[in-house]
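Structure, as structure tokens:
The values are calculated or read from the model by the stated rules, or taken from the named source; none is laboratory data. Everything numeric here is computed off the predicted structure, so don't read it as measured data. Please note: Cβ atoms are built from the backbone with ideal geometry, for glycine as well, and neighbour counts cover all protein chains shown. For the accessible areas, the whole protein counts, side chains as well, though only heavy atoms, and no ligand, DNA or RNA atoms are used. Shrake-Rupley method; radii C 1.70, N 1.55, O 1.52, S 1.80 Å.
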Amino acid sequence: MEISRVVRAISPEQLREFMDGREEGTYSLVDVRQPEEYRREHLPGALLIPVPELETRLHELPAGQDVVFYCRSGARSSAAALIAQDSGVIRGSIFNLEGGITAWDGGSIGSMPRVEVFAGIRTAGDLLMKALEMEKAAYILYATVRASTDRDMICELMDTLIGVEEAHAKVVYKYLAQYWTDGSGELPAFEQLFEMLNGRILEGGLCVDELQPWIRGALAGECMELADLALEVELNAYDLYRTLARHAAGTGGGYGFGADAELIFLNLASQEKHHARLIMSKVAAFGATAA
């Protein structure tokens, strides 16, 4: 996209198309509200930089990337976009989301990205093993729902998600094989290792066991509730990997990955975004059934 010296308005629909059509790591999404607002709800993958801190933190944004600012309704982000424009720091195009998050209906999540699930991890191998555990947790969640219902639409969605989670786990496993340094022996084959994993904690920090009462209630209700749960799981995963990618870019690597760290996390984030789009493509059909 050509370099722009003016702030461009972007509608929610245009932003969805923009995000769907761009590779991870080629743009920045910036939430300029306050931390408590961000914790309640934010767009997946968004970096939090409150408006009062923007001028001193613009250096955190890659200068050559396009940047999309948003707030609650578009007023604060409009001011933020003008600050970024006047600074001369941002060389890419600058956008302001019309109507802010209030107008957004493309999926949002609450709480901060749960990077604490990686607390105490120091090596690339350990981090990827944790990521594999979380993929197994999503796999178990979807398999649990699948085994608990005979409703065709839910079964179809869960079968699809079970397949994509296993496929994504294999991608994580390939990275793990590259960074495996455990002195206890060779890395087990994927099928053996995946079977061994407990898979209790999802990327959002939720425990699969804690969701059982909610799953039972949702199974008795509308299909849309289960689609919403699956969407939240995938968006939390996307948000987490985007955050880890930013951390890797800011530290020049991290966890022993070296220069490959950012690309690995962006690749994993891209696949989670694909999963979320897949779920959202089913939502219209679920809604029609509910009607």
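Some observations on this one:
- In the chain, the portion of solvent-accessible area held by carbon and sulfur atoms comes to 51 percent [1.4 Å probe, whole percent, DNA, RNA and ligands not counted].
- Region 147-195 and region 80-99: distance between their alpha carbon centers, rounded to Å: 41
- When each of the peptides 186-199, 80-93, 131-144, 228-241 is scored by the mean number of other C-beta atoms lying within 10 Å of its residues, the order from highest to lowest reads 228-241, 131-144, 80-93, 186-199.
- Net length gained if the chain between HIS59 and VAL6 were fully extended (0.36 nm per residue, minus Cα distance): 17.1 nm
- Distance violations [Cα-Cα > 19 Å] among LYS130/LYS282; LYS136/LYS174; LYS174/LYS282: LYS130/LYS282; LYS174/LYS282
- Averaged over its residues, the chain has an accessible area of 45 Å² per residue, based on protein heavy atoms and a 1.4 Å probe.
- For ALA189 and ASP105, a Förster radius of 35 Å and the Cβ-Cβ distance give a FRET efficiency of 0.25, rounded to the nearest 0.05.
- Computed E for ARG122/ASP86 - FRET, C-beta separation, R0 41 angstrom, nearest 0.05: 0.45
- The chain: projected area of the alpha-carbon convex hull, averaged over directions, in nm²: 15.7
- Relative contact order of the chain, defined on C-alpha pairs under 8 angstrom at six or more residues apart (%): 19
- Helical content alone sets the calculated 222 nm signal of the chain at -18000 deg cm²/dmol, taking -39,500 (n - 2.57) per DSSP H segment of four or more residues and averaging over every residue.
- Averaging 1/r across all pairs of distinct Cα atoms in region 11-151 and inverting the result yields a Kirkwood radius of 17.0 Å.
- Using 0.36 nm per residue and subtracting the Cα-Cα separation, the extra length available between SER281 and THR160 on full extension is 42.3 nm.
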